[in-house]
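Asker: Here it is, the structure in full.
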Amino acid sequence: MPATPATAKRVKQFRAEANCSAEWPSPVVATYLMDEAVAREIVELSGIVRAHDLLKIEKQHARVEYHLLDPGEDYPMLSGVPRSREPLKIECPTLNVSDTEFWVAARMKNHPAELWTEAMPVSELAEEFGIDYLPVKDQEMESLPSAIR
C-alpha cells in the first residue's frame, strides 16, 4: 500500500556549512537526513542539557555525509580534473546537542582531521517539524529514566 501524506514519514535533508581541522581541502558542506523522531529527540535532549546545566550531550549519529563539493550544485571540471561528488569516508559520526543548538561531527577515516557543522538553533528545528520547544521542568525530570536523570 503506497504511503499517503497522512502516513508518510516526514524526512528533511539538511545542508550545513562544514569545518575541518586539517589545512588541506576542507569540506564545503555536510548533508544529513532528519525525521520527526530525531527532531523530537534533539528537542528533548536540549531540555535535559538545560535542566542539568550540562555543556552538551553527544551521541552516535550515522546519518551525516561530508562533501568536498556541494552535491546540490553543478560544478565544471576544476583545473581540467573532474571532482568526485562522493562523500568523504568518515568514522565516529556524532550528534551534539547543547541547551539551544545542535550540530553533527565526525573524524575523517584514516586521518586525524575532525569535521563539524555550524551549530543550528534547536528552536528552528522544532518549528520546522511543528514540535513544542520548552525546557524540561523539574517535575518532568522524575518521569525520565534514571540513567539520564
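Asker: Out of region 46-63, which residues are within 24 Å of residue 108 (Cα to Cα), assigned to a loop (DSSP other than H, G, I, E, B) and either hydrophobic (A, V, I, L, M, F, W, C) or at pLDDT below 95 (or both)? Quick ask: steps written out before the conclusion?
Answerer: So the first thing to find is which residues in region 46-63 are within 24 Å of residue 108 (Cα to Cα), and the list is 56-63.
Imposing the further condition that a residue be assigned to a loop (DSSP other than H, G, I, E, B) reduces the set to 56, 61-63.
61, 62, 63 - these are the residues of region 46-63 that are within 24 Å of residue 108 (Cα to Cα), assigned to a loop (DSSP other than H, G, I, E, B) and either hydrophobic (A, V, I, L, M, F, W, C) or at pLDDT below 95 (or both).
Asker: Let me ask something additional. Counting only residues that are over 21 Å from residue 60 (Cβ atoms) and among the β-branched types (Val, Ile, Thr), which one in region 118-136 is modelled with the lowest pLDDT? Steps first, please.
Answerer: Just the residues of region 118-136 that are over 21 Å from residue 60 (Cβ atoms), to begin with: 121, 123-124, 126-136.
After this cut, where a residue has to be among the β-branched types (Val, Ile, Thr) as well, the list is 131, 136.
Numbers: 131: 94, 136: 51.
The qualifying residue modelled with the lowest pLDDT is 136.
Asker: Moving on to the next point. Inspect region 101-117 for any residue being over 16 Å from residue 62 (Cβ atoms) and modelled with pLDDT of 95 or more and give the result as yes or no. Spell out how you get there, then give the answer.
Answerer: Going residue by residue through region 101-117, those that are over 16 Å from residue 62 (Cβ atoms) are 101, 110-114.
Still in the list and also modelled with pLDDT of 95 or more: 101.
Checking region 101-117: at least one residue is over 16 Å from residue 62 (Cβ atoms) and modelled with pLDDT of 95 or more.
Asker: Any idea which of (1) more than 18 Å from residue 51 (Cα to Cα); (2) at pLDDT below 90; (3) in a helix (DSSP H, G or I) is the one residue 139 doesn't satisfy?
Answerer: For residue 139, the exception is condition (1).
Asker: Right, something else. Considering region 103-124 alone, what residues qualify as being closer than 17 Å to residue 55 by Cβ and of a type in the set (Gly, Ala, Ser)?
Answerer: 105, 119
Asker: Could you grab me the full set of residues in region 64-99 that are at pLDDT below 85 and among the small types (Gly, Ala, Ser)?
Answerer: 72, 79, 80, 84
The values are calculated or read from the model by the stated rules, or taken from the named source; none is laboratory data. In this text, all values refer to a predicted model and were calculated from it rather than measured experimentally. So basically every Cβ, Gly included, is an ideal-geometry build from the backbone, and we count neighbours across all protein chains shown.
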